[in-house]
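Participant: Here you go, one structure.
The values are calculated or read from the model by the stated rules, or taken from the named source; none is laboratory data. Being a predicted model, the structure only gives us computed values, none of them experimental. Cβ placement follows ideal geometry from the backbone for every residue including glycine, while neighbour counts extend to all protein chains displayed. Just the protein is used for accessible areas: all its heavy atoms, side chains included, with ligands, DNA and RNA removed. Shrake-Rupley method; radii C 1.70, N 1.55, O 1.52, S 1.80 Å.
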Amino acid sequence: MTGSAPSFSRRQLFTATGAMAVGGVALATLAGCSTPAPAKTAMWTPPATPMAFPKGYVWGAATSAYQIEGAWNIDGRGPSVWDTFALYSGKIADGSTGEVAADHYHRWKTDFDLLKTLGVGGYRFSLAWPRIQPTGSGAINQKGLDFYKQLLDGLAERSIRPAITLFHWDLPQPVQDAGGWPNRDTANRFADYADIVFGAFGDVDADWFTLNEPKTHAFNGYWYGNHAPGLTDPNAAAAAVHHQLLAHGLTVQAFDAQGVKGRVGPVLNLTPVSASDPAAADQTKNVDARENRLFLDPVLKGSYPTDAIGTENGQLPADPAQFASLVKEGDLKTISSPIGVLGVNYYGVAGVDLNGDEVQIHPTSTAEWEQIWAPGLYTLLTRIKREYKKVPILLTENGIPDDLLQDGVDDPQRIDYLRSHFQQAARAIEAGVPLEGHYVWSLLDNFEWAEGYTQRWGLTHVDFTTQKRTPKKSFHWYSTVIAANAVAPK
Ligand code: FCB
């Protein structure tokens, strides 16, 4: 399949086919979906004794600003594309917005005490650009900086290392109005914002992340149209890829120029893909280029793959010549500025058919795009080690939503998921992958983008009427893993 209709989307997967997932297992198997030959990695079984992690391994939990903060128009915050999209697109499953979300803006102390109880060494969160620079250029909102200063002090008091994401999809609306990411100048606007942040907090020893999942923001936001800003234009999506990566590179340069403490890198969501039909090798290669190499190669090798964009099945159906014309002299050098850490978000794997479409080869969670396959984490991490230059890796997101039938805090499927992924992480470390930490998505139930509040990804249950927090069973289980710095077999 070519053309504009999206065929492979981490968030639209199966919605068109009517497949339903209950209890973590898909009820409907797609026609034509064949089970691939078992990969070598599938044969590995975890040892009967606990698997220990290296001393200093960072156990963490992750969140993002728009998904938890609320307080959307308080203390000078400007509107973001997600405020606009949630209010006006009609595309949020339950018609909700992030106006209140988990009210973290007012309840952060409670939430940080939860982190302390959990015992994490790291907390990944994002700064809302429109809170710090409400119109996305020019004037700084001191109250926005003050809010994040409180958070950073609150983490320091609790001896929790911050992992700070500068951009988790909440672009200031005025920057969108000026063209958004398809406009090259947005990269400069972003670098200015990053400069402000580094000027304010550059003495904080942290892992700094430039952008979260530029792929999801570009593809879902500008191609599939189910995320803000809601466009369906593959050329705009391709431009959004390049300009986000450029923003990343400029930010790494600003980080170095300001001598900021800690280390900096991007957060990429990556996924092993395999052919569901032996004849679909080319399509699978294209999908791999589009989903993985389009982001890894420019950042770590200073080049774009040639098979990610075009009219073949499995490619991003934008005009390659138009894309090439956006890549100016020096851009790839900027984008490949040396990074200190690579953030990897891992949720699962995908099969690819002859049309380059995604097919199901493993059970999904209630998030139907999430095909659960823990050995895929090992496959992915060892592949990065094999094919790219050595850089410390943090798993910056990994998790699963509640089952549909789940009642409150009883979440055995999350414990199973995390256990099996921790085991594969330990296995990857044994194989020499420089993996230094693992952040579970998410600390709290929150606003899950187009799914609104219908999907709960938290280790902590949030009652969105009373804002009461209740740790789930997985929270307690995770705290025992952290305390032991080891994951025990089931
Ligand atoms: C990731 C996003 C995060 C959350 C999880 C479930 O792609 O980075 O905000 O939505 O998926």
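Participant: If you count only protein heavy atoms and use a 1.4 Å probe, how large is the accessible surface of TYR453, to the nearest 10 Å²?
Facilitator: 50
Participant: OK, next. Quick check: net charge around LYS261, other residues with Cβ under 14 Å of its Cβ, Lys/Arg +1 and Asp/Glu -1?
Facilitator: Combined, the nearby Lys, Arg, Asp and Glu give -2.
Participant: A further question on this structure: What's the ranking of 409-417, 59-67 by average number of surrounding C-beta atoms within 10 Å, highest first?
Facilitator: 59-67, 409-417
Participant: Can you give the accessible area per residue of the chain, in Å², using a 1.4 Å probe?
Facilitator: With all protein chains present, the chain gives 35 Å² per residue.
Participant: Quick one: net charge of ASP277's neighbours, Cβ under 14 Å, K/R +1, D/E -1?
Facilitator: -3
Participant: With N set to the number of residues, divide the alpha-carbon radius of gyration of the stretch 129-194 by 2.2 N^0.38 Å and report two decimals.
Facilitator: Ratio of Cα Rg to 2.2 N^0.38 Å: 1.26.
Participant: Also, quick follow-up: Under 15 Å from the 7 Å Cα→Cβ point of THR454, by amide nitrogen: which residues of the stretch 204-237?
Facilitator: 226-227
Participant: For GLU387 paired with LEU404, estimate the spin-label separation in nm (one decimal), with each label point 7 Å from Cα along the Cα-to-Cβ line.
Facilitator: It is 3.5 nm.
Participant: Follow-up question, since we're still on this one. Taking the highest mean first, how do the peptides 222-229, 399-406 order by number of other beta carbon atoms within 10 angstrom per residue?
Facilitator: Going from most to least packed, we get 222-229, 399-406.
Participant: Counting only protein heavy atoms and using a 1.4 Å probe, what share of the accessible area of the chain belongs to carbon plus sulfur, as a whole percent?
Facilitator: 55
Participant: Near the amide H of LEU444, under 5 Å away, which other amide H atoms are found, from residues 5 or more places off or on another chain, if H is placed in the peptide plane?
Facilitator: Residues meeting the criterion, in which the H sits 1.01 Å from N, are LEU459, THR460.
Participant: Show HIS476, HIS362 ordered by accessible area, largest first, where the area counts protein heavy atoms only and the probe is 1.4 Å.
Facilitator: HIS476, HIS362
Participant: D for the stretch 396-490, whole µm²/s, Stokes-Einstein with Kirkwood Rh over alpha-carbon pairs at 37 °C and 0.692 mPa s: what number?
Facilitator: Rounded to a whole number, D works out at 232 µm²/s.
Participant: Straight-line reach from LYS261: which aspartates and glutamates have a Cα under 19 Å away, not including same-chain ones fewer than 8 places off?
Facilitator: ASP153, GLU157, ASP192, ASP195, ASP203, ASP205, ASP207, GLU436
Participant: Could you work out the local net charge near ALA308, counting Lys and Arg as +1, Asp and Glu as -1, over the other residues with Cβ closer than 15 Å to its Cβ?
Facilitator: Net local charge, ALA308 excluded: -2.
Participant: Just to check, using Stokes-Einstein with a Kirkwood Rh over alpha carbon pairs, what's the diffusion coefficient of the stretch 19-487 at 25 °C and 0.890 mPa s in µm²/s?
Facilitator: 110
Participant: Using r as the Cβ-Cβ distance of HIS106 and ASN188, and R0 as 35 Å, what FRET efficiency do you calculate, to the nearest 0.05?
Facilitator: Rounded to the nearest 0.05, the efficiency is 0.55.
Participant: Oh, and also: Could you sort the peptides 318-324, 379-385 by per-residue average Cβ neighbour count (10 Å cutoff), highest mean leading?
Facilitator: 379-385, 318-324
Participant: Work out the FRET efficiency for ILE74 and ASN485 from their Cβ-Cβ distance, taking R0 = 35 Å, and round it to the nearest 0.05.
Facilitator: The calculated FRET efficiency here is 0.35.
Participant: Which residues in the stretch 178-201 place their backbone N less than 19 Å from a point set 7 Å from the Cα of ILE140 along the Cα-to-Cβ direction?
Facilitator: 188-201
Participant: Beyond 27 Å between alpha-carbons counts as too far, so tell me which of LYS116/LYS472; LYS389/LYS473; LYS333/LYS390 fall in that bin.
Facilitator: Pairs exceeding 27 Å: LYS389/LYS473.
Participant: Distance between the C-alpha centers of the stretch 419-490 and the stretch 239-261? Whole Å please.
Facilitator: The stretch 419-490 and the stretch 239-261 have Cα centres separated by 29 Å.
Participant: Quote to one decimal, in nm, the extra length available between LYS301 and TRP44 on full extension: 0.36 nm per residue of separation minus the C-alpha distance between them.
Facilitator: 89.4 nm
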